[in-house]
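The values are calculated or read from the model by the stated rules, or taken from the named source; none is laboratory data. Just so we're clear, the structure is a prediction, and the values are computed from it rather than from any experiment. Cβ sites come from the backbone with ideal geometry, for glycine too, and all protein chains shown count toward neighbours.
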Amino acid sequence: MELAQAGCDVVLLEKQPVLGWKIGETLPPEARLHLQRLGHWERFQPERHLPCHGVVSVWGHAAPVEKDFIFNPHGHGWQLDRAQFESGFLNAAVEAGCKVRLDVAVERIERQAAAWTVHTSTGSLLADVLVDCTGRRGTLIRREGGHYEQVDRLVSIFAIATTSQASDFDSRTYVESHPDGWCYTALMPNGTRTVAFQTDVDLVPEGAPTTAWFWERVRACHEICRLLNTHAYQLLDAPRMVAAHSGRFQHCAGPNWIAVGDAAMTFDPLSGQGSAKALESARLAVQAILHQGDYRTACEQLWLNFLRERRDTYRAELRWRDTPFWSRRHAA
Ligand SMILES: Cc1cc2nc3c(=O)[nH]c(=O)nc-3n(C[C@H](O)[C@H](O)[C@H](O)COP(=O)(O)OP(=O)(O)OC[C@H]3O[C@@H](n4cnc5c(N)ncnc54)[C@H](O)[C@@H]3O)c2cc1C
């Protein structure tokens, strides 16, 4: 959107035919700055996202601690209708002059002298500059980014919970630690709840994690379990597992290419900042493309700040420091 606004001829390729639900639902209050900077605030406000007024965490001790966003200078955050959030941005990009092509997957990329040939599921394109925004897949950066520095082997096992009671209005994010990892839950604008348990991949039983395995862990998180029981939530389907590790490639940009968002760096979902950091890296990438800004140094700073925050947050939980999940994080 920003590149098109600046007069660049931009084509955006998205492999999905329709933008649907995806994990990663909480938008932190600081994201408001990006929405305003992009001139997207007026369009975002009437969308059907739930205001999120804080975080309840059970971390380091058994008693829950409430962090209210009333003390945040940027106001409240949101539990997103992710499909609507992304469609809203795509429509704004189209209005800015960006050519959006849905249902077109990038399959192969070839470097020409000073340009690229992009082979897609529907034909080939020539481009002067490539911006890799393919998320954790990192279609281009895997080829060009050098060594991959992976910090951990975190995975998220998540399920959607539903209830027939219309009694749950608590849109705060709940986070609770467990000897094998940690759990979170967030109320969605459609009245369902995402419930997710994060642990290391080698601590998950081989094959798909079962509903019984998942429930056993969620039940041990007393505050989250109390919330789910109070409103009689039941799982809609079997839990699914996705990668949630933190990591980055040695190079996030090179001659005529740049990687943005999760393609450049992935952050532990504990930070709840993936989308906001993706918007921030997009802002830095635009500066780099238009004004030769120093993208690599800016990304390095984002990464180091995240690593410090991650270390301090995990070290604040000392109750299970001898279990594999926590001892790895305390030693790192
Ligand atoms: C368990 C979990 C919980 C999370 N919770 C939060 C949270 O609460 N708040 C938060 O801010 N973040 C959260 N995140 C992180 C957040 O979802 C990501 O950081 C964010 O989606 C990154 O945005 P992105 O645009 O870089 O990548 P994505 O959102 O992954 O978008 C990449 C897009 O590229 C498309 N694509 C991929 N390959 C191709 C191809 N070859 N051709 C064409 N298109 C392609 C995909 O279809 C996709 O639409 C969470 C992540 C996990 C794993």
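Annotations
- Residue within region 281-302 that is within 9 Å of the ligand (Cβ to nearest atom) and closer than 16 Å to G135 by Cα present: yes
- Tabulated pairs, region 260-288, first basic (K, R), second near the ligand (Cβ under 9 Å from one of its atoms), C-beta under 7 angstrom, 6+ apart or interchain: K277/F267
- Complete set of residues in region 219-244 that are touching a Cys at 6+ places or on another chain (Cβ under 6 Å) and assigned to a helix (DSSP H, G or I): R219, I224
- Condition met for C52 (modelled with pLDDT of 95 or more and either within 30 Å of E107 (Cα to Cα) or touching a helix residue (DSSP H, G or I) at 6+ places or on another chain (Cβ under 7 Å) (or both)): no
- Complete set of residues in region 1-23 that are surrounded by 19 or more Cβ atoms within 10 Å (Cβ to Cβ) and closer than 16 Å to F85 by Cα: M1
- Residue identified as surrounded by 18 or more Cβ atoms within 10 Å (Cβ to Cβ) and touching a strand residue (DSSP E or B) at 6+ places or on another chain (Cβ under 7 Å) among V58, V94, V65, V100: V58
- Strands (runs of 3 or more DSSP E) (entirely within region 109-214) containing at least 3 residues that are more than 30 Å from F306 (Cβ to Cβ): 116-120, 123-127
- Qualifying residues in region 252-263 (those that are in contact with a Leu (Cβ under 9 Å, 6 or more places away or on another chain) and not in a helix (DSSP H, G or I)) - the one surrounded by the most Cβ atoms within 10 Å (Cβ to Cβ): A259
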